[in-house]
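One structure is given here, and the rest of the page talks about it.
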Amino acid sequence: MRLRQIEIFHAVYANGSISAAARALNVSQPAVSKVLRHTESYLGIRLFDVVRGRLAPTDEAHALYREVDEVFRRVSSLKQAAANLRRSGAGHLRIGVVPSLGLELLPQAITEFRSANPDVTFDIKTIRHSDILRSLYERECDIAFGYDPPPHPRLNQRKLSKGKVVAIAPTGVFDPAKEAVGWHEISNLDLIGVSTSGPIGDVVAAAQTTAQADLKEIGSVDTYYIAAALVKHGSGVAVVDEFTAMAMKTGGLDVFPITPAVAFTVQAAWLEDRPLSKLAERLIQVMKNILDRQSNL
């Protein structure tokens, strides 16, 4: 299939009619009909039937669309890249980020980055820790920000900072004069658990085991920011990363370091055989600078 045939077929399938496809492509209906008929003839299969006056994709069209949609998305990405390259100093970054870093830190970094690089555009994808390698490998992102990605021969990593695990609680649950809380104090309270197998979950579980803490978990969620939201509304206390706590902290929510301290590493990751662009290097440095400033507060 030629690119024009792919474009026409994709538009007709996605829009549901020849007239809607013509409007989407800003061409005439006869032009769309002609290319569609030629495509069916070229492939030797019927792609659409007329059912009660409407176009209905055939089984062959459904199967073909799955392949065409992937090609179409790659072509769209290529057009975007070409458009970026035409603009002086322009570029495009595809970024993967775990949710807690995407709540506050990455938005800060992008705002600061774009003040010096206003022509740069972004695709930002929220990913789980376990999806970092896959997202890079499948080119969903060029660079990923997360916590202690698992070692892999294709994966390059750069340490940006250390983070710590904190306890969050509704105001008044703990004495505000306290500098930190221990596991034995948390074990006396209703706890919102986070069912994650990521690196933060691993270090928290290890710390609980070491402290021999018997926690009273009343519920479980799969993201730290939902746990923080439940705490903010008075459902209990939670143990989360400091970046989620920072982003969610408002009146009515207190944050306390945990003792003994529980730490993890913030990392940037990319594939070894896909070296970082100069723009990606600059963004990593901006993220590191922000993390350094916050750790010094």
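Here are a few things to note about the model shown:
- Set side by side, the residues R37, R73, R2 differ, and just one is without any contact (Cβ under 8 Å) to a residue 12 or more places away in the chain, of a type outside the set (A, V, I, L, M, F, W, C) and under 30 Å from P118 (Cα atoms), which is R73.
- Every residue from the stretch 111-151 that is in contact with a helix residue (DSSP H, G or I) (Cβ under 6 Å, 6 or more places away or on another chain) and over 18 Å from V286 (Cβ atoms): T126, I127, Y147, D148, P149
- Summed over the stretch 155-188, the residues that are acidic (D, E) and within 22 Å of T209 (Cβ to Cβ) give a count of 1.
- Total residues in the stretch 198-230, condition of a type in the set (V, I, T) and closer than 22 Å to R128 by Cα: 6
- Verdict on V35 being in the same structural domain as L55 (by TED's automatic domain parsing), in contact with a Lys or Arg (Cβ under 7 Å, 6 or more places away or on another chain) and surrounded by 16 or more Cβ atoms within 10 Å (Cβ to Cβ): yes
- The stretch 263-288, subset free of Cβ contacts under 8 Å to residues at least 40 places away in the same chain and of a type outside the set (D, E), residue nearest to E242 (Cα to Cα): Q285
- The helices (runs of 4 or more DSSP H) falling completely within the stretch 194-292 that include 3 or more residues that are in contact with a helix residue (DSSP H, G or I) (Cβ under 9 Å, 6 or more places away or on another chain) and at pLDDT 85 or above map to 224-232, 242-248.
- Residue list for the stretch 1-38, filter: of a type in the set (D, E, K, R), part of a helix (DSSP H, G or I) and at pLDDT below 90: R4, E7
- Residue among V240, V286, V221 that alone is assigned by TED's automatic domain parsing to the domain that holds I168 and buried (at least 19 other Cβ atoms within 10 Å of the Cβ): V240
- Matching residues in the stretch 250-287 - criterion: being of a type in the set (S, T, Y) and more than 21 Å from I132 (Cβ to Cβ): T250, T259
- Looking only at the stretch 188-213, residues that are of a type in the set (S, T, N, Q) and surrounded by 17 or more Cβ atoms within 10 Å (Cβ to Cβ) come to 2 in all.
- For the residues L160, L136, the requirement of being within 25 Å of I290 (Cα to Cα) and either in a helix (DSSP H, G or I) or among the aromatic types (F, W, Y) (or both) singles out L136.
- Any hit, the stretch 152-165, residues being in the same structural domain as P275 (by TED's automatic domain parsing) and free of Cβ contacts under 8 Å to residues at least 40 places away in the same chain: yes
- Qualifying residues in the stretch 163-193 (those that are in contact with a Lys or Arg (Cβ under 8 Å, 6 or more places away or on another chain) and in a loop (DSSP other than H, G, I, E, B)) - the one modelled with the highest pLDDT: L189
- Scan the stretch 138-185 for residues that are charged (D, E, K, R) and closer than 26 Å to I110 by Cβ and the total you get is 9.
- Condition check for G146: at positive phi and either in a loop (DSSP other than H, G, I, E, B) or surrounded by 14 or more Cβ atoms within 10 Å (Cβ to Cβ) (or both): no
The values are calculated or read from the model by the stated rules, or taken from the named source; none is laboratory data. Because the structure is predicted, anything quoted here is derived from the model rather than measured. Please note: Cβ atoms are built from the backbone with ideal geometry, for glycine as well, and neighbour counts cover all protein chains shown.
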